Amino acid sequence: MALEVTQVLLNAQSADGAVRKLAEENLRQFQEQNVAAFLLSLSHELGNNEKPAESRKLAGLILKNSLDAKEVQRKGELAQQWLALDPAVKGQIKASLLQTLSSAAPEAHQTSAQVIAKIAAVELPQGEWPDLVVSLLKNMAEQPISHLKQATLETLGYVCEEVSADVLAQEQVNSILTAVVQGMNATETSNDVRLAATRALYNALDFAQTNFENDMERDYIMRVICEATLSADVRVRQAAFECLVSISSTYYEKLAPYMQDIFAITSKAVKEDEEPVSLQAMEFWSSICDEEIEIQEEYGGDFSGDSEVPYFRFIKQALPALVPMLLGTLTKQEEDQDQDEEVWNLAMAGGTCLGLVARNVGDDIVPLVMPYVEENISKLDWRSREAATYAFGSILEGPSLEKLTPLVNVALNFMLNAMKDENNHVKDTTAWTLGRIFEFLHGPSVDAPVITQANLPLILTVLLGSIKDEPNVAEKVCGAIYFLAQGYEGTGGLSSPLSPFFQNIVQALLATADREEAGDSRLRTSAYETLNEVVRCSTEDTAPVVMQLVPVILQKLNLTLEMQILSSEDKEKQSELQALLCGVLQVMIQKLGANEATKYGIVQYADQMMGLFLRVFACRSATVHEEAMLAIGALAYATGVEFGKYMQEFYRYLEMGLQNFEEYQVCAVTVGVVGDICRALDDKVLPFCDGIMTQLLKDLSSNQLHRSVKPPIFSCFGDIALAIEEHFEKYLMYAMPMLQGAAELAAQQANRDDEMIDYSNQLRNGIFEAYSGIFQGFKKSKAELMIPYAAHILQFIENVYQDKDRDDLVTKAAIGVLGDLADTLGTNAAPLFLQFVFYKDFLDECLSSDDQQLKETAEWAQIMVNRIA
Amino acid sequence: MARARIHKRTISDQQRRRDLALERQKECRRDLQQHARQLASSIADHHHPHYNLSNPDFQGLTDGSNEELSYGDEEESSSSSGHSEGVLGLLEGTRLRGSEAKAWYAQQFMLPEWMIDIPSHLKRDWYVMARPAGKRCLVISSSGTTFSRTRNGKLLHCFPSALPNGAKIRDVAAPSHVFCILDCIFHEPDSTYYILDVMCWRGYSLYDCSTEFRFFWRDSKLSEEKVFVPPSTYHRYRFCLVSVNECNEAGLQAAYCGPTSFQRDGVLLYNRHAHYVLGITPLALLWKDADCSQFPLDTDSKGHVPAHQQVVLRLQSDGTVVTGDDRPVVLGIMPEQFLSQKISSQAHEDGLMEDMRHSHFSRVPFFVL
């Protein structure tokens, strides 16, 4: 048998497809017949030093995949399967794996380390395998061979990566950290061991809360990390800086004593070390910026000594030294870096960090950067010009408008001129900088806008000229137009300063999207997305142009259906292009459909549009096109009840969208479209409701579907109930338990983190919207159906009222349901209001709110309740 | 590992499209809920729960056994009066101010279609009445005051009246849940409110009652109060019923050319089974010709008949224009040029345009009341 396994494993990697297929089939059969024996023999294969490296590696891989999967449900099944195995077999497998760590073959011990971690992930939370850490540490205790040390440290690292912090006892954490820090020590002679230890520490940092509280332990850990940043091995240095980056966010509040040293180490690395290391050193400062910006955003300007989170102003303190260090990196550009979107180098990291620093310190950055800009922006060397422009563009977010406006007023003309620079990079960065100017110094909220009636024509002449430049430049120009248009959003319905140029802008963007090379980069995407923004921000006087655009885009969408599809790459291209065009249509439908006077510009093409959308759907077999779905939602909204004629054909895609668990965004979008359709069709949606409700109920009860989709599904119940009114009765017996279950779940979230609080609020908001729709839908003729649920709903409202974590949206929804309940049930609910007296306080709270909407809803609810209570 | 950083961030629109779609959906949902709630609170359904759920006699009530109904009404009044003190405004609509109030009131009317043929079962199913010339308005009495609002939502008068709770004097003042809503025409020459219809009486909603019942109520209930007394300090304007006739020859004759105390402006027909529905309905019809109206033709602001008469047709999504007949007759197709002009003219939209925007399908006869 054992020999046979080896052969089968080798065959499974054969170049001959038939052999491979047979071997895979054999493996599958073996696994199905006897999982325990199968896994055991794999672990023996992996541990057997006599076996070929290829079969050992595959054995390990299959073992790993028998314990873990990406998909949550499958992952759970595999964990259950493992836990259910005979303990004796599990013991043998684990012993074999631990043994394999000492194998000299790198593939074998590395794979074994990973499998051990996977088993740990399943067993440790169940309280099993209590001696794992002890047996691993034993490997470190005696003077071990260095590759066993390495494999053991790797295993410890993987284990820390796999399990959550509460699973390990503090003493286990202590001994792991001791072993890891020892392995990192400068006295360790093997670089491989030091590297494994440093990487293990990276994973173990989250467990080290208690140790970081202790000054001595923390000092020691920090010292070892700092020493490792000076290792001779570049991999160790990089891993050590990665540890520092992680610490900068996890233990920001503990960093103060080390900052001086860290500044010295990082600036030396930024200046002198190899790029992978210097990038991490730079990342440390970006990460500190992130932390401090987050603290600023959370606490505003209000930092007292007793703030929960300390705020050290590390960046502000380091500023005089930090900024020159960052500026020094900007001239280290690579040739052609703008042609490749994947490139990430020190100059880019430096500019990005500079931008974060500007957001962090505001005005203080300006005097430190402007001399550099002025000195370099006109130099002959393109690197200097580009670096100066990049520096200028980077500090446009953060400092005050008062500080920036005079500078930009001077710089704007210079930038417009620089769009004619001979160097591509300079033009790229200049266009990007123009975009930043428009983003931050132009718009309805800016008092002294830098764009005026006088310079707008020149700006557009330059932009519409440069949009024909190289694709990378053109893409940045699109971005600039995007923000230019956005700045005029909401300037009023009739006309915009952009209106005289509107037609030219639209034409230029269409021409850009049509460029042959546009598909090779993000240019086509940027062109269409900019078109979207331009349309969104358009005014009434340019509506005829938008209307003329509709058939143009429809024609383009039609052309995608005739594209020749020979490869999966072709298919992807087609799908992407369809997404962009459907996106543009969605925006136009929403824009024109929102106004009665322009609605016909959409409605007259509705048949044609819907026909195309259905054909776009048909291009795929199993999934639906998200963008087409979004566009259809907008179309339903625009056409109203007339949308009914498309339902027969459209319905199956709607269902398909609701079934798409994997791409949960698609599912979420489809749920939204169901709401659109309900509002458009009212009771005409009834024939489709059995199917829709069935699918929605399935979605709610699925553990595969991303949870973020579920609150909107409840809201969707409300939409359906409101549309079909008394016909919702037949779904009530399914919907109500679902709502009650979710309500209880939302209430039970003990020791919640911010994310959970947020989610539970969304869930409750969805539940309330469902109740509102159902109450209102039944009001006319089936109100009595809700009597049995009234007490539970009032109890739920009371729970929410008592919860300090409820947000305004939930409060508003809750008080609304209180009114709906009173309104619909009338005097039937009167006894309940004697029982649930909290409603008075709740109403009082809402009535004294500053939120006008909440107040109005509460006033309304009060009238409803007072009528009966 | 370290978070991904993006160099020279470019725009990304997809999430924005999703978010905007979501925002629109949320807004629509909110509007719809709001609408449902406003109808509930403001005017219509104050007593619905009562008769829907616990009063098995409701069917009987709509047939006209008003004795029980008024009994039930009072019972509820007394049971709730103790709690409704201090309520911030009884009617949703009365709480609204400015343009919001205007928009809201403008939608609270039942609007007749033009009579373009003779409805079937005219004699069996229809009532007819002469229409007084003047301003169509809602008259609302509540919280000790009475006010009237015209078709465009504008406040016409705010005055004391003898309507229940229409003035702050004994006998008239009442708890805040007592209020009335009448559909009237204010006839300038004799400063009189001519009552066409009654939608709420003492807080009791008649919106969902048949015309037959509403008119019965109108003619019997109103005279029980001292609504038709001559004007005085606490009853500033005269109120008068417009007499309703069966659609037989005599009735039609009387409505069309019989003597009235007011200047006539056409003839109104009401289907006797119809509820009081908001907006334009084919179950109420208006007839005008030169014999029964001074304004059979459109006039300009100076009262001159212009050279051309306007007809409003329904503009369909495909650009064709049709009549409002049950099987619409296509009269033409609008040229592209016209359709684009329509947008630019929108800036100075007039009442007509506004009507077109409010109705679902631009189905508006010209010159509505």
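What the table below lists for this structure:
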item	result
Residue-averaged beta-carbon neighbours from other chains (10 angstrom radius) around B:239-252	0
Area of A:GLU489 that stays accessible when all protein chains are in place (1.4 Å probe, Å², to 10)	70 Å²
The protein assembly as shown, dipole about Cα centre (Lys/Arg Cβ +1, Asp/Glu Cβ -1), debye to the nearest 20	2160 debye
Average beta carbon contacts from partner chains per residue of A:593-603, 10 Å cutoff	5
Farthest positive-ward along chain A dipole, Cα basis, beta-carbon charges - from A:LEU705, A:TRP82, A:ALA618	A:ALA618
Neighbourhood charge, 12 Å Cβ-Cβ cut-off, centred on A:LEU279 and excluding it, Lys, Arg +1 and Asp, Glu -1	-2
Rounded to the nearest 20 debye, dipole of the range A:424-530 from Cβ charges on Lys, Arg, Asp, Glu	160 debye
Rel. contact order, % - alpha carbon contacts under 8 angstrom, at least six apart, the range A:474-531	47 percent
In Å², nearest 10: area of A:GLU227 left accessible to a 1.4 Å probe	60 Å²
Qualifying lysines (Cα of each under 27 Å from Cα of B:LYS288; at least 8 residues distant if same chain)	B:LYS123, B:LYS135, B:LYS154, B:LYS302
Distance in nm between pseudo-label sites at B:SER261 and A:THR250 (7 Å out along the Cβ direction from Cα)	9.0 nm
Partners for A:LYS855 among aspartates and glutamates (Cα-Cα distance below 12 Å; same-chain residues under 8 apart left out)	A:ASP808, A:ASP844, A:GLU845
Over the range A:230-309, relative contact order from alpha-carbon pairs under 8 Å, at least 6 apart, %	35 percent
Distance-filtered residues of the range A:756-772 - backbone nitrogen under 20 Å, label point 7 angstrom along A:MET733 Cα→Cβ	none
Accessible-area composition of the protein assembly as shown, carbon plus sulfur, in percent [1.4 Å probe]	51 percent
Summed buried accessible surface, chains A and B, 1.4 Å probe, nearest 100 Å²	6600 Å²
Calculated [θ] (222 nm, deg cm²/dmol) that DSSP helices of n ≥ 4 give over chain A, each run adding -39,500 (n - 2.57)	-23500 deg cm²/dmol
Whole-angstrom gap from the range A:744-784 to the range A:564-614, using each part's C-alpha centre	35 Å
Qualifying lysines (Cα of each under 26 Å from Cα of A:LYS403; at least 8 residues distant if same chain)	A:LYS316, A:LYS379, A:LYS427, A:LYS476, B:LYS8
Neighbourhood charge, 14 Å Cβ-Cβ cut-off, centred on A:THR639 and excluding it, Lys, Arg +1 and Asp, Glu -1	-2
Average other protein chain Cβ within 10 Å of Cβ, residues A:855-867	6
Normalised contact order of the range A:535-677, rounded percent, pairs of Cα under 8 Å and 6 or more residues apart	24 percent
Residues losing 30 Å² or more accessible surface upon assembly, the range A:512-530, compared with the chain by itself, 1.4 Å	A:ARG522, A:GLU529
Residue-normalised accessible area of the protein assembly as shown, expressed per residue, 1.4 Å probe, Å²	43 Å²
Of A:LYS779/A:LYS804; A:LYS573/B:LYS26; A:LYS64/A:LYS698; A:LYS21/A:LYS64, pairs whose Cα-Cα distance is over 25 Å	A:LYS779/A:LYS804; A:LYS573/B:LYS26; A:LYS64/A:LYS698
Charge dipole magnitude, Cβ of K and R +1, D and E -1 - the range A:590-636, Cα centre, debye nearest 20	60 debye
Accessible area, probe 1.4 Å, largest first, for residues A:ARG237, B:ARG236	B:ARG236, A:ARG237
Surrounding net charge for A:LEU722, when Lys and Arg each add one and Asp and Glu each subtract one, Cβ distance under 9 Å	-1
Packing-based order for A:444-455, A:805-816, using average beta carbon neighbours within 10 Å, highest first	A:805-816, A:444-455
Added length on full extension, which subtracts the Cα-Cα distance from 0.36 nm per residue, A:GLU517 to A:GLN92	147.1 nm
Tensor-based shape of the range A:30-151 (alpha-carbon gyration tensor, a/c under 1.5 rounded, otherwise prolate or oblate)	oblate
Among A:523-536, A:627-640, the order from most to least packed when residues are scored by Cβ within 10 Å on average	A:627-640, A:523-536
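The values are calculated or read from the model by the stated rules, or taken from the named source; none is laboratory data. Keep in mind that this is a model prediction, so the values were computed, not measured. Positions of Cβ are generated from backbone atoms using ideal geometry, with glycine treated the same way; all protein chains shown enter the neighbour counts. All accessible areas refer to the heavy atoms of the entire protein, side chains included, with ligands and DNA or RNA removed. Shrake-Rupley method; radii C 1.70, N 1.55, O 1.52, S 1.80 Å.
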